[in-house]
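Trainee: Have a look at this one.
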Amino acid sequence: MLNLRAVTEEYVGGLQFVNEIPREIKLNISSPDITVVAGPRRVGKTFLMLREVRALMGSGERVAYLSLDDPLFRGIDARRLAELVRSEYPEGRVYLFLDEVQDWKDWDFKLRWLHDVKDFKLVVSGSSSSLLSSEIPSRLRGRQFTKVVLPISIRELVPSAGGDFRERGVFNNILREYLVWGGFPEPWIYRSREKLIDVVETVFYRDLVERNRIRDTEQFRAVFDFLLSNYSNQMTWNSVRNMLKGIGVDVDVKTVMNYVDYMRKAFLVFPVRRYDYSERRRAVSPKKLYLVDLGIASLYENHSSARSQGNLGRKLENLIFLELIRRSWEVDYYLLKDGREVDFVARKEGKKLLVEVTLNTDTEHVDKVRRAMLETGIREAHIVSLEGETKILGDGMKEVQLLDWISGSGLQDR
């Protein structure tokens, strides 16, 4: 018979070998609802769960952890699992941690049953966007609280950056490294290209090819590489098809759209649409894709492109995008009537903000943002600059130096 306590203790014992990077993330396990931890694979969800398991065990609570991508548990029935837990904990409520729950067949039905019997406090994780509050199956809505875990942010790596020249120097040093290695824990800790490749390949095969039963992996690989290497650029699905056709890859628009959606659901990319009051124009306008981590962008750079100003600008733009969504802003881009682009329109709780990202602020950026404010009626704008200084530019616009913006001097968490 399976011994869930022994399995749990074995996993918890492995924490001693983990190089921990402090995170801002806290899991809410006090609520009676299902606590859902969602995010890309290899981002540290399992570590966060096991840390909670260890704390609960230390305080004498009844707790069990199992990974549902383990062949021992992948096919287990919910009632059989409940029976196993009750055989070890005959009385009282049990904290039940279920990792990689999207690999459990009919997981939503099984979680609903385990929740409704009231014997368990459920904490589950997964690397599929189907666990997000906006996409979770209706039978679980109102019964779950979702926490999204993304790769480590630069703010978590340099939490005290801000004031004097020493702190700013540390921030600039970490920023250079972060723009290369990104925030997946293992690639960051070991500064390892091999570990970055391993992360991407695991997502490619486990979360994309296997989960979506993609047969033509060669075609998908070509689309996959093309999309990741063209992050932050405007594109239509038709233009993607045409550019791939030019290099000998025959793929139709519908298939491109499906592939993008698979990558979105695996938290690998974030599609961003044009900001417009016309839903039709939003639908037909080019999209932009942003990456979940800057280390992925580094994999697609050669030596010369890695040092180019344009590539640095794209990375900084992607960095600010990730910070915006970490702070719960919804993000679009804005296209002016004269064809120029402002990087982001950020929206949250009725507030709107224009955000432009640049290496240095010049009159072109100021004029572009001011025109966007007039066209949209948005009354606040930030120009986030790598090498500029934080200052008021007037009429609701200000320039914010990157470090100040990251640390909260430019855009407060509201």
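The values are calculated or read from the model by the stated rules, or taken from the named source; none is laboratory data. Quick caveat, the model's predicted, so the values are computed rather than measured. Note that each Cβ is placed from the backbone with ideal geometry, even for glycine, and that neighbours are counted across all protein chains shown.
Trainee: Is one or more of the residues making up region 162-183 under 19 Å from the mean Cα position of the chain (by Cα) and in a loop (DSSP other than H, G, I, E, B)?
Mentor: Looking for residues that are under 19 Å from the mean Cα position of the chain (by Cα) and in a loop (DSSP other than H, G, I, E, B), one finds at least one in region 162-183, hence yes.
Trainee: Is it the case that region 217-227 has a residue that's touching a residue at least 60 places away in the same chain (Cβ under 8 Å), of a type outside the set (A, V, I, L, M, F, W, C) and either in the same structural domain as Thr358 (by TED's automatic domain parsing) or in contact with a helix residue (DSSP H, G or I) (Cβ under 8 Å, 6 or more places away or on another chain) (or both)?
Mentor: First pass over region 217-227, keeping only residues touching a residue at least 60 places away in the same chain (Cβ under 8 Å): 225, 227.
Restricting the remaining residues to those that are of a type outside the set (A, V, I, L, M, F, W, C) gives 225.
Those still in the list that are either in the same structural domain as Thr358 (by TED's automatic domain parsing) or in contact with a helix residue (DSSP H, G or I) (Cβ under 8 Å, 6 or more places away or on another chain) (or both) too: 225.
Yes, region 217-227 contains a residue that is touching a residue at least 60 places away in the same chain (Cβ under 8 Å), of a type outside the set (A, V, I, L, M, F, W, C) and either in the same structural domain as Thr358 (by TED's automatic domain parsing) or in contact with a helix residue (DSSP H, G or I) (Cβ under 8 Å, 6 or more places away or on another chain) (or both).
Trainee: May I pose another question? Being in the same structural domain as Leu294 (by TED's automatic domain parsing) and at pLDDT below 95 narrows it down to one residue among Arg307, Arg370; which is it? Spell out how you get there, then give the answer.
Mentor: On the way: Arg370 fails: at pLDDT below 95.
It is Arg307.
Trainee: Within region 252-295, which residues are surrounded by 13 or more Cβ atoms within 10 Å (Cβ to Cβ), more than 21 Å from Asp207 (Cα to Cα) and not polar (S, T, N, Q)?
Mentor: Selection gives Val253, Val272, Arg273, Arg274, Tyr275, Asp276, Arg281, Arg282, Pro286, Lys287, Lys288.
Trainee: Consider region 84-117. How many of its residues are of a type outside the set (Lys, Arg), assigned to a loop (DSSP other than H, G, I, E, B) and either touching a Leu at 6+ places or on another chain (Cβ under 8 Å) or surrounded by 12 or more Cβ atoms within 10 Å (Cβ to Cβ) (or both)?
Mentor: Within region 84-117, the first condition is being of a type outside the set (Lys, Arg), and the residues that meet it are 84-85, 87-92, 94-104, 106-109, 111, 113-117.
Remaining after also requiring assigned to a loop (DSSP other than H, G, I, E, B): 89-92, 100, 104, 106, 117.
Checking which are either touching a Leu at 6+ places or on another chain (Cβ under 8 Å) or surrounded by 12 or more Cβ atoms within 10 Å (Cβ to Cβ) (or both) leaves us with 89, 100, 104.
Qualifying residue count, region 84-117: 3.
Trainee: Out of all the residues in region 85-103, which are under 22 Å from the mean Cα position of the chain (by Cα) and of a type in the set (A, V, I, L, M, F, W, C)? Steps first, answer last, please.
Mentor: Step one: list which residues in region 85-103 are under 22 Å from the mean Cα position of the chain (by Cα), which gives 97-103.
Across region 85-103, the qualifying residues are Phe97, Leu98, Val101.
Trainee: Residues that are basic (Lys, Arg), under 24 Å from Arg23 (Cα atoms) and more than 15 Å from the chain's Cα centre (by Cα): does region 113-135 have at least one? Before you say what the answer is, go through the steps one by one.
Mentor: Of all residues in region 113-135, those basic (Lys, Arg) come to 118, 121.
Checking the rest, the ones that are also under 24 Å from Arg23 (Cα atoms) come to 121.
Among the residues that remain, those that are also more than 15 Å from the chain's Cα centre (by Cα) are: 121.
Scanning region 113-135, I find at least one residue that is basic (Lys, Arg), under 24 Å from Arg23 (Cα atoms) and more than 15 Å from the chain's Cα centre (by Cα), so the answer is yes.
Trainee: Same structure, new question: All but one of (1) assigned to a helix (DSSP H, G or I); (2) free of Cβ contacts under 8 Å to residues at least 12 places away in the same chain hold for Leu81; which doesn't?
Mentor: So Leu81 meets the others, but not (2).
Trainee: When residues of region 31-82 are filtered for being among the small types (Gly, Ala, Ser), out of contact with any Leu (no Cβ under 7 Å at 6 or more places or on another chain) and within 25 Å of Val292 (Cα to Cα), how many remain? Quick ask: steps written out before the conclusion?
Mentor: Kept after step one, since they are among the small types (Gly, Ala, Ser), are these residues of region 31-82: 31, 38-39, 44, 55, 58-60, 64, 67, 75, 78, 82.
Subsequent filtering for residues that are out of contact with any Leu (no Cβ under 7 Å at 6 or more places or on another chain) retains 31, 44, 55, 58-60, 67, 75.
With within 25 Å of Val292 (Cα to Cα) added as a condition, the list becomes 44, 67.
Of the residues in that region, 2 qualify.
Trainee: To continue, here is another question. Can you work out which of the residues in region 43-75 that are over 18 Å from Ala6 (Cα atoms) and of a type in the set (A, V, I, L, M) is surrounded by the fewest Cβ atoms within 10 Å (Cβ to Cβ)?
Mentor: Leu48
Trainee: So in region 131-159, with the set limited to residues that are modelled with pLDDT under 80 and out of contact with any helix residue (DSSP H, G or I) (no Cβ under 6 Å at 6 or more places or on another chain), which one is farthest from Ile34 (Cα to Cα)?
Mentor: Pro159
Trainee: Tell me which of these Val331 doesn't satisfy, since it passes every other one: (1) surrounded by 19 or more Cβ atoms within 10 Å (Cβ to Cβ); (2) under 22 Å from Arg176 (Cβ atoms); (3) among the hydrophobic types (A, V, I, L, M, F, W, C).
Mentor: So the condition that Val331 fails would be (2).
Trainee: Name every residue in region 49-65 that is out of contact with any helix residue (DSSP H, G or I) (no Cβ under 6 Å at 6 or more places or on another chain), closer than 22 Å to Ala38 by Cβ and touching a residue at least 24 places away in the same chain (Cβ under 8 Å), in order of residue number.
Mentor: Taking region 49-65 and keeping what is out of contact with any helix residue (DSSP H, G or I) (no Cβ under 6 Å at 6 or more places or on another chain), we get 49, 51-52, 55-62.
Still in the list and also closer than 22 Å to Ala38 by Cβ: 49, 51-52, 55-56.
Across region 49-65, the qualifying residues are Met49, Arg51, Glu52, Leu56.
To keep it simple, each residue is scored yes or no on (1) at pLDDT 95 or above; (2) more than 23 Å from Leu132 (Cβ to Cβ).
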position: Arg191; (1), (2): yes, yes
position: Arg206; (1), (2): no, no
position: Tyr259; (1), (2): yes, no
position: Pro271; (1), (2): yes, no
position: Val284; (1), (2): no, yes
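Trainee: Ok, one more. Just to be sure, is Glu364 out of contact with any Pro (no Cβ under 8 Å at 6 or more places or on another chain) and closer than 24 Å to Ile152 by Cα? Spell out how you get there, then give the answer.
Mentor: Working: out of contact with any Pro (no Cβ under 8 Å at 6 or more places or on another chain): yes; closer than 24 Å to Ile152 by Cα: no.
When the stated conditions are applied, Glu364 does not pass them.
Trainee: Also: Just to be sure I understand, how many residues within region 1-17 are surrounded by 15 or more Cβ atoms within 10 Å (Cβ to Cβ) and under 30 Å from Arg326 (Cα atoms)?
Mentor: 2
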